[in-house]
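J.: Quick one: the structure is below, and I'll ask about it shortly.
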Amino acid sequence: MARSDQERSRRAAAGAGDRASAGLIQRLNSLIYQAVADVLAGLAVDAAGRILFNVRNISQAEQVGFAVQSIYARSAPGFARTVARGLLRLFRINTAYFREAETPVELTESLESRMVKMIMKAYGYDMGTGAVIAGGYLDGNLRSPGHALAISRRIAEAIAGRMPLKGFQRTFRAEFNRPGSALNAEHHYNRFARDLYHEFDRMVQGEYARQLGLTHAVYSGTVKDNTRPFCEHRVNNVYTEEEILSWNGQGWQGKKPGDVRINLGGYNCRHTLSWVSEETARAIAKRRGKEINSFN
């Protein structure tokens with residue numbers, strides 16, 4: 001398979017993985033909404049239908065937080081295993097990319113074995129046991145109490161304000177389903193779910209590049225109507241690692257804190273770095289009629 005085809009396979013796998021993670025979060029959201037709706041329906045009201053400010057209702061609001069955390073606790077292990085399997089598929093596609101590339105150092109089976117163990121452990125998955133590491137990256141990202149706290153606090157505010165129950169049920173549902181709302185699981189996990197696979201692809205590329213002695217990369221991807229200027233100026237051009245590292249000192253809209261080799265254009269960036277030999281880099285630049293480290 002040609003290098004460009006391998007690049008497309010990686011981007012397609014990363015995109016499919018990110019979409020699958022987002023779908024899992026949406027299903028989790030549905031479970032949480034139903035659990036909260038059941039609690040709301042059981043709140044005590046006065047003769048006018050207003051929520052009573054009493055011990056029983058306050059206790060119900062507290063229990064909602066525990067219920068949401070319980071849903072996360074039950075869902076997190078399966079979710080993390082699904083994500084880990086997707087990351088492993090993407091790792092293998094990257095390995096195939098480098099097996100067909102010209103590299104100063106040979107990609108051996110022992111190097112591949114070390115790499116997959118190291119990188120998957122960094123993401124909270126133990127290749128030896130085939131299990132998600134408790135408290136690791138994947139596990140920790142799926143057990144944040146922020147969502148449960150936001151929901152229980154919102155219900156407590158409605159109780160303290162003695163809001164009409166039916167009105168609050170409508171308001172809560174609208175707020176829960178509103179994009180960006182703190183009551184919605186996607187608010188807490190959207191960036192984790194949507195950026196996970198593309199960042200993983202860049203990490204694997206970068207680690208393999210270091211092990212194989214590669215110091216040049218193609219800024220791979222396509223340009224769309226919502227592409228950031230930062231990415232549009234670089235897409236499909238070839239850069240040295242030194243030039244890429246210099247971008248860490250720049251600022252642009254949507255930039256994500258951390259190493260640009262991992263985060264690239266920033267939040268929700270769908271481009272990647274495809275590392276190549278210096279000889280291949282020069283050939284690509286010549287074919288495009290561009291110098292290495294030039295911009296669009």
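The values are calculated or read from the model by the stated rules, or taken from the named source; none is laboratory data. No experiment lies behind these values; they were computed from the predicted model shown. Because the Cβ atoms are built from the backbone with ideal geometry, glycine has one as well, and the counts that use them run over all protein chains shown. Areas reflect the complete protein model, heavy atoms only, side chains present, ligands, DNA and RNA absent. Shrake-Rupley method; radii C 1.70, N 1.55, O 1.52, S 1.80 Å.
J.: Spot the failing condition for LYS224; the list is (1) over 30 Å from GLY124 (Cα atoms); (2) in contact with a helix residue (DSSP H, G or I) (Cβ under 9 Å, 6 or more places away or on another chain), and only one is missed.
T.: (2)
J.: Quickly run through the stretch 99-118 and pick out the residues that are out of contact with any Phe, Trp or Tyr (no Cβ under 7 Å at 6 or more places or on another chain), closer than 20 Å to GLU199 by Cα and open to solvent by less than 60 Å² (accessible area, probe 1.4 Å).
T.: Step one: list which residues in the stretch 99-118 are out of contact with any Phe, Trp or Tyr (no Cβ under 7 Å at 6 or more places or on another chain), which gives 99-106, 108-114, 117-118.
Restricting the remaining residues to those that are closer than 20 Å to GLU199 by Cα gives 112, 114, 117-118.
Once the filter is applied, which keeps residues that are out of contact with any Phe, Trp or Tyr (no Cβ under 7 Å at 6 or more places or on another chain), closer than 20 Å to GLU199 by Cα and open to solvent by less than 60 Å² (accessible area, probe 1.4 Å), the stretch 99-118 yields only GLU112.
J.: Going through ARG89, ARG27 one at a time, which residue ends up being under 22 Å from MET127 (Cβ atoms), open to solvent by 30 Å² or more (accessible area, probe 1.4 Å) and in a helix (DSSP H, G or I)? First the steps, then the outcome.
T.: Numbers: ARG27 fails: under 22 Å from MET127 (Cβ atoms).
ARG89 is the lone residue from the list that is under 22 Å from MET127 (Cβ atoms), open to solvent by 30 Å² or more (accessible area, probe 1.4 Å) and in a helix (DSSP H, G or I).
J.: GLN69 versus (1) open to solvent by 50 Å² or more (accessible area, probe 1.4 Å); (2) touching a strand residue (DSSP E or B) at 6+ places or on another chain (Cβ under 7 Å); (3) under 26 Å from HIS187 (Cα atoms): which is the lone unmet condition?
T.: (2)
J.: For the stretch 101-207, which helices (runs of 4 or more DSSP H) that fit wholly inside it have 2 or more residues that are within 18 Å of the chain's Cα centre (by Cα) and in contact (Cβ under 8 Å) with a residue 24 or more places away in the chain?
T.: Filter on the stretch 101-207 gives 109-122, 137-141, 146-160.
J.: On the basis of being loosely packed, with under 15 Cβ neighbours inside 10 Å, among the basic types (Lys, Arg) and within 21 Å of LEU196 (Cβ to Cβ), does LYS166 make the cut?
T.: no
J.: Please specify each residue of the stretch 185-229 satisfying the condition of being crowded, with 19+ Cβ neighbours inside 10 Å and β-branched (Val, Ile, Thr).
T.: Within the stretch 185-229, VAL204, VAL218 qualify.
Results for (1) out of contact with any Cys (no Cβ under 6 Å at 6 or more places or on another chain); (2) at pLDDT 95 or above; (3) of a type in the set (A, V, I, L, M, F, W, C), shown as yes or no for each residue.
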site	(1), (2), (3)
PHE230	yes, yes, yes
GLY254	yes, no, no
GLY266	yes, no, no
ILE284	yes, no, yes
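J.: Touching a residue at least 40 places away in the same chain (Cβ under 8 Å) and either within 24 Å of ILE151 (Cβ to Cβ) or touching a strand residue (DSSP E or B) at 6+ places or on another chain (Cβ under 8 Å) (or both): which single residue out of ALA35, ALA96, ALA84 fits that description?
T.: Values: ALA35 fails: touching a residue at least 40 places away in the same chain (Cβ under 8 Å); ALA96 fails: either within 24 Å of ILE151 (Cβ to Cβ) or touching a strand residue (DSSP E or B) at 6+ places or on another chain (Cβ under 8 Å) (or both).
Exactly one residue qualifies, and that residue is ALA84.
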